[in-house]
Amino acid sequence: MNIKNPATVDSLELRRVLDDDGKVVAGAKVPEVSEKDLLRLFETMLMVRVVDERMMRIQRQGKLGFYMKSLGEEATHLSVFPLRDDDWIFPSYREQGAWFWRGYGIENFLNQLFGNRKDPTKGRQMPVHHSANWLNVVSISSPVGTQIPQAVGTAAAMKASGTDSVAMTFFGEGTSSTGEFHVGMNFAGVMKAPVIFVIRNNGWAISTSSERQSAAKSFACKAVGYGMPGIRVDGNDILAVIQASNEAVERARAGLGPTLIECVTYRIEGHSSSDDPSVYRNPAEPSLWEPKDPLNRMRAYLKNESIWSEGLEKEISDKYNDEITKYLAIAEAEPPPAVETLFDDVFQELPWHLKEQKEYLMQQARTKNPHLHNS
Amino acid sequence: MPTMNIIQAVNSALRIQMTNEPKAIILGEDVGKFGGVFRATAGLFDEFGEDRVIDTPLAEAGIIGAAIGMAIYGMRPIPEIQFSDFIFPAFDQIVNELAKFRYRSGGQYPCPVVIRTPVGGGIRGGHYHSQSPEALFIHTPGLKVVLPSNPYDAKGLLLACLKQDDPVLFMEPKKIYRASRGEVPEGEYTVEIGKAKVVSEGEQVTLIAYGAMVDIIKDAAKKAAEIGISCEVIDLRTLLPFDIETITESVTKTGRAVVVHEAPKTCGFGAELASSLYERCLASLEAPIERVCGFDTPFPYSLEHEYMPNADRVLGAIRKTLEW
């Protein structure tokens, strides 16, 4: 099996602020980020790592049906750093950090994974398909790329409403092969919509290597065909990610239209809890990418800036581990949504045929489960 | 009261919505400057400007995807798909996204998009300008499907769709876009979604159709009357949620039913109507329910009149129910 070597990936133009040791690269443009924000960025990346680790463990214990980790890709999520609360996010299924940054907490996260009565989406979708309209983060769909033209529509509506809000959408490099990628990018270019497209190029779309998705020399260069700038950035370098995102968001707010950002990163583990990369990927490959780990690089940078301590990191990691323990117990104990909610939200009001089906189900439920008499 | 055809009635409804609802946006291929290939949006670009009547790039998935994004942001988009034969590139956006957004988000994101699209054959348009894909969308939970047969209903139903918050596929019978004329109020009014119309009462056989096929069953009823058979003619108007009460009541009374649509027979909407009627009226039925439909072939070009249901074919089905 061929090995995807970071050195080869790096041979193309790639924006970078931090080197693999977390030192600022000579001549790099360091984005202005306050100490407080730097710590919050670090905390969010660490939070993703802690949550992922625990969730995969409980998935392996058989308590959770499905999970998707982001190990090694955490920095890309924080492309949302320059966004305001009135900006909208259209995520795919691997941007936990974007949700946490927005304030989507462990409690909601766990309730959604368990599809229980407290799940903000009422148990309607499998794990990791969150939705949080109160945070302007849009419901996740499994078919990849569908969110791309939708983000463009929201951005066009923002522009038509006279606000300077922007929309940001995330997807993997595999998604750049879909029709919706082309269609969405093209609409955005023509409409000059204030939207930022973030490609997480993590090298793998389940078992298919990125070279099998495109013959172009990069994914960022596709932007040219749609009349917008494309930026290729080291997606494991938090400061480079933020620098690129700042630039794209500023452009969008100023009415200059969309930008495509390719975050070059690497999926250290499988696609999901159902995947087994040993079948299709050289097992030596992930280790080549470990020196580029985004959390390690940021930690080293913070250390150099004297704003990191072991105690602080432990405090953060303990805090989220404790929260997970607390809310996991609650989420597991919480019952599934009430049977009658099966029919809610198909339409605003129940039409006759759904009323009939609901009555039928409730009658069945009552017969089978005497407890439902009292519910 | 002015006389309008269906195109003019649709145009009038759109103008009213664009005037009264500042969040309304029309988007689609050629809907702007040109006013649409059938002229349904004529004059609206000049009146409401290029930001509200948007000529989009040529990609249906983009039109519906963008409309979804606009709707969840609070706008009231009215996308046009130029022919319902061209709706399939947007099938995923309609079936998996538009129809599911409210449900999958636990009610967080209602998606009030009304998609307008011309439907049906009889215009020498061949396979790709003639299909009737309504059953695919009626089968999609979360989507309402409406298909009027005349100018009055077209305007009233379109305005009703634009006032509610569920996604709707609003299909327009293009064969009779101009041929169907009638009195239509200038101002605003609505026709209730989910209510069929008893076009004419009768005693022996209930004829049920929608869209351009309503004229066919009216003709068939006339021909039947000439030979002494009394038919009740029902225009379904809304396909989902369809008016089960009206058709049940009628078939319970007549004891016989003929269901007519242009779409292919197998798994067509007629099958659902017949099945629903069997569930409710079996004891009253004097004969099996007949279906007069398009054939299970692709829609043909040269032989389109052989393909499409006509009054004689409906009359044959009427007689069959009486002779059974």
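The values are calculated or read from the model by the stated rules, or taken from the named source; none is laboratory data. No experiment lies behind these values; they were computed from the predicted model shown. Please note: Cβ atoms are built from the backbone with ideal geometry, for glycine as well, and neighbour counts cover all protein chains shown. For the accessible areas, the whole protein counts, side chains as well, though only heavy atoms, and no ligand, DNA or RNA atoms are used. Shrake-Rupley method; radii C 1.70, N 1.55, O 1.52, S 1.80 Å.
Could you tell me which residue of the range A:129-147 is farthest from the chain's Cα centre (by Cα), considering only residues that are more than 7 Å from chain B (Cβ to nearest Cβ) and in a helix (DSSP H, G or I)?
Ranking the qualifying residues of the range A:129-147, first place goes to A:Trp134.
Hey, does the range A:109-123 have a residue that's polar (S, T, N, Q), facing another protein chain (nearest Cβ under 9 Å) and assigned to a loop (DSSP other than H, G, I, E, B)?
Within the range A:109-123, one or more residues are polar (S, T, N, Q), facing another protein chain (nearest Cβ under 9 Å) and assigned to a loop (DSSP other than H, G, I, E, B).
Looking only at the range A:21-41, decide whether some residue is over 13 Å from the mean Cα position of the chain (by Cα), open to solvent by less than 10 Å² (accessible area, probe 1.4 Å) and among the small types (Gly, Ala, Ser).
The answer is yes, given that some residue of the range A:21-41 is over 13 Å from the mean Cα position of the chain (by Cα), open to solvent by less than 10 Å² (accessible area, probe 1.4 Å) and among the small types (Gly, Ala, Ser).
In the list B:Phe269, B:Phe242, which residue meets the criterion of being under 21 Å from the mean Cα position of the chain (by Cα), more than 24 Å from B:Ile123 (Cα to Cα) and buried (at least 24 other Cβ atoms within 10 Å of the Cβ)?
It is B:Phe242.
Any idea how many residues of the range A:274-321 are open to solvent by 80 Å² or more (accessible area, probe 1.4 Å), in contact (Cβ under 8 Å) with a residue 60 or more places away in the chain and more than 23 Å from the chain's Cα centre (by Cα)?
Count: 4.
Looking at B:Thr19, is it within 9 Å of chain A (Cβ to nearest Cβ) and among the polar types (S, T, N, Q)?
No, not satisfied.
Conditions: (1) touching a residue at least 40 places away in the same chain (Cβ under 8 Å); (2) assigned to a loop (DSSP other than H, G, I, E, B). A:Val233 meets all but one. Number of the miss?
Evaluating A:Val233 over (1) touching a residue at least 40 places away in the same chain (Cβ under 8 Å); (2) assigned to a loop (DSSP other than H, G, I, E, B) leaves (2) as the failure.
Looking at (1) surrounded by fewer than 24 Cβ atoms within 10 Å (Cβ to Cβ); (2) within 20 Å of the chain's Cα centre (by Cα), can you tell me which one A:Gly179 breaks?
A:Gly179 satisfies all of (1) surrounded by fewer than 24 Cβ atoms within 10 Å (Cβ to Cβ); (2) within 20 Å of the chain's Cα centre (by Cα) except (2).
Quick check on the range B:216-231. Is at least one of its residues touching a strand residue (DSSP E or B) at 6+ places or on another chain (Cβ under 9 Å), β-branched (Val, Ile, Thr), outside any strand (DSSP E or B) and surrounded by fewer than 21 Cβ atoms within 10 Å (Cβ to Cβ)?
yes
Is it the case that A:Glu13 is touching a residue at least 60 places away in the same chain (Cβ under 8 Å), open to solvent by 20 Å² or more (accessible area, probe 1.4 Å) and at negative phi?
yes
Would you point out the residue of the range A:37-79, among those that are touching an Asp or Glu at 6+ places or on another chain (Cβ under 9 Å) and in a loop (DSSP other than H, G, I, E, B), that is nearest to A:Phe197 (Cα to Cα)?
A:Glu73
Which one of these does A:Lys4 not meet: (1) in a loop (DSSP other than H, G, I, E, B); (2) open to solvent by 30 Å² or more (accessible area, probe 1.4 Å); (3) at pLDDT below 95?
The single condition A:Lys4 does not satisfy is (2).
Exactly one of (1) open to solvent by less than 20 Å² (accessible area, probe 1.4 Å); (2) part of a loop (DSSP other than H, G, I, E, B); (3) not charged (D, E, K, R) is unmet by A:Met126. Its number?
The single condition A:Met126 does not satisfy is (1).
Only one of (1) within 26 Å of B:Ala24 (Cβ to Cβ); (2) within 14 Å of chain B (Cβ to nearest Cβ) is not met by A:Met126, so which one is it?
(1)
Looking only at residues that are over 22 Å from A:Asn201 (Cβ atoms) and part of a loop (DSSP other than H, G, I, E, B) in the range A:93-108, which one is least open to solvent (accessible area, probe 1.4 Å)?
Within the range A:93-108, the match that is least open to solvent (accessible area, probe 1.4 Å) is A:Tyr104.
So which residues in the range B:116-171 are more than 24 Å from B:Pro298 (Cα to Cα), within 14 Å of another protein chain (Cβ to nearest Cβ) and out of contact with any helix residue (DSSP H, G or I) (no Cβ under 7 Å at 6 or more places or on another chain)?
Across the range B:116-171, the qualifying residues are B:Pro141, B:Lys144, B:Ala160, B:Cys161, B:Lys163, B:Gln164, B:Asp165, B:Asp166.
Which one of these does B:Tyr109 not meet: (1) closer than 20 Å to A:Lys192 by Cα; (2) in a loop (DSSP other than H, G, I, E, B); (3) facing another protein chain (nearest Cβ under 10 Å)?
Single failed check for B:Tyr109: (1).
Okay, residues lined up against (1) basic (Lys, Arg); (2) closer than 27 Å to A:Ser142 by Cα:
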site: A:Gly203; (1), (2): no, yes
site: A:Gln213; (1), (2): no, yes
site: A:Lys222; (1), (2): yes, yes
site: A:Ala240; (1), (2): no, no
site: A:Val249; (1), (2): no, yes
site: A:Gly255; (1), (2): no, no
site: A:Ile261; (1), (2): no, yes
site: A:Thr265; (1), (2): no, yes
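Between a residue in the range B:83-106 that is more than 10 Å from chain A (Cβ to nearest Cβ) and free of Cβ contacts under 8 Å to residues at least 12 places away in the same chain and any residue that is small (Gly, Ala, Ser) and crowded, with 24+ Cβ neighbours inside 10 Å, which pairs come within a Cβ distance under 8 Å, given they are 6 or more apart or on different chains?
none
Can you tell me how many residues in the range A:210-220 are over 16 Å from A:Phe171 (Cα atoms) and in a helix (DSSP H, G or I)?
Here the count works out to 2.
Check whether at least one residue in the range B:274-292 is in contact with a strand residue (DSSP E or B) (Cβ under 7 Å, 6 or more places away or on another chain), over 28 Å from B:Pro151 (Cβ atoms) and among the small types (Gly, Ala, Ser), and report yes or no.
yes
In contact with a Leu (Cβ under 7 Å, 6 or more places away or on another chain) and surrounded by 13 or more Cβ atoms within 10 Å (Cβ to Cβ): is that true of A:Met55 in this structure?
Taking the combined requirement at face value, the residue satisfies it.
Looking at the range B:172-182, can you tell me whether even one residue there is open to solvent by less than 10 Å² (accessible area, probe 1.4 Å), over 25 Å from B:Asp85 (Cβ atoms) and over 10 Å from the mean Cα position of the chain (by Cα)?
no
Among the residues of the range B:245-266, which ones are open to solvent by 50 Å² or more (accessible area, probe 1.4 Å), among the β-branched types (Val, Ile, Thr) and in contact with a Lys or Arg (Cβ under 7 Å, 6 or more places away or on another chain)?
none
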